[in-house]
Amino acid sequence: MSADLRSAAERVARQAYAPHSGFHVGAALRSARGQIYLGCNVENAAYPVSSCAERGAISAAVAAEGKDFKLHAIAVVALNAQGDSLPVTPCGACRQILVEFGADAEAGFSAPDGHWQTVRVGDLLPFRFILPDIGSR
Ligand SMILES: [Zn+2]
């Protein structure tokens, strides 16, 4: 995991719209083409419609590269309202999204014990949902 991806995630975390939780999350990903895309969490007073940083970055990547987009690496950073680093791992929904674009991609984040950890995306969600072949519809 390159340091530039992690620092980009930290910069975009400062852009997050998190007035309700104060939990500012940034994600920076590198596509297989070598491009960097950013996302931050966007909260809403109606909490369930809030969106995660990781999915924001994936949406930006797909919008730019289309259906051929492949995830190479993603860094996720969380900050409190004072800008202090907090532990964060991608949520379950984001893990499902990430693995669809790159099970062998690298994911980096601050683990619950605070150290920077990198893992294979597929290892974040070993029993991911896979749409089976259900024959003709
Ligand atoms: Zn998420």
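Could you grab me the full set of residues in the stretch 95-113 that are in contact with a Leu (Cβ under 9 Å, 6 or more places away or on another chain) and within 21 Å of SER21 (Cβ to Cβ)?
Across the stretch 95-113, the qualifying residues are ARG95, SER110.
Quick one: would you say ARG120 is under 18 Å from GLY26 (Cα atoms) and basic (Lys, Arg)?
Details: under 18 Å from GLY26 (Cα atoms): no; basic (Lys, Arg): yes.
Answer is no for this residue.
Name the single residue, out of those in the stretch 75-117 being under 16 Å from HIS24 (Cα atoms) and without any contact (Cβ under 8 Å) to a residue 12 or more places away in the chain, that is surrounded by the most Cβ atoms within 10 Å (Cβ to Cβ).
It comes out as ASP84.
Could you count how many residues in the stretch 1-57 are modelled with pLDDT of 95 or more, hydroxyl-bearing (Ser, Thr, Tyr) and closer than 23 Å to HIS115 by Cβ?
Selection size over the stretch 1-57: 1.
Can you find, within the stretch 100-137, the residue that is farthest from SER59 (Cα to Cα) among those that are under 14 Å from the mean Cα position of the chain (by Cα) and of a type in the set (Phe, Trp, Tyr)?
PHE109
Residues that are open to solvent by 40 Å² or more (accessible area, probe 1.4 Å) and part of a strand (DSSP E or B): does the stretch 39-50 have at least one?
yes
What are the residues in the stretch 11-25 that are open to solvent by less than 30 Å² (accessible area, probe 1.4 Å), in contact with a strand residue (DSSP E or B) (Cβ under 8 Å, 6 or more places away or on another chain) and either part of a loop (DSSP other than H, G, I, E, B) or within 19 Å of ARG120 (Cα to Cα) (or both), if any? Give the derivation first.
Here is the first cut: in the stretch 11-25, the residues open to solvent by less than 30 Å² (accessible area, probe 1.4 Å) are 12-13, 16, 18, 22, 25.
Adding the requirement that they be in contact with a strand residue (DSSP E or B) (Cβ under 8 Å, 6 or more places away or on another chain) leaves 12-13, 16, 18, 25.
Those that are open to solvent by less than 30 Å² (accessible area, probe 1.4 Å), in contact with a strand residue (DSSP E or B) (Cβ under 8 Å, 6 or more places away or on another chain) and either part of a loop (DSSP other than H, G, I, E, B) or within 19 Å of ARG120 (Cα to Cα) (or both): ALA16, ALA18.
Looking at the stretch 25-41 only, could you name the residues that are under 13 Å from the mean Cα position of the chain (by Cα) and not polar (S, T, N, Q)? Let's see the steps before the verdict.
Looking only at the stretch 25-41, we keep the residues that are under 13 Å from the mean Cα position of the chain (by Cα), and these are 25-31, 36-41.
Hits for the stretch 25-41 are VAL25, GLY26, ALA27, ALA28, LEU29, ARG30, ILE36, TYR37, LEU38, GLY39, CYS40.
The values are calculated or read from the model by the stated rules, or taken from the named source; none is laboratory data. Bear in mind the structure is a predicted one, so any value in this text is a computation, not a measurement. Virtual Cβ from ideal backbone geometry, glycine too; neighbours counted across all protein chains shown. The area values use the complete protein model at the heavy-atom level, side chains included, leaving out ligands, DNA and RNA. Shrake-Rupley method; radii C 1.70, N 1.55, O 1.52, S 1.80 Å.
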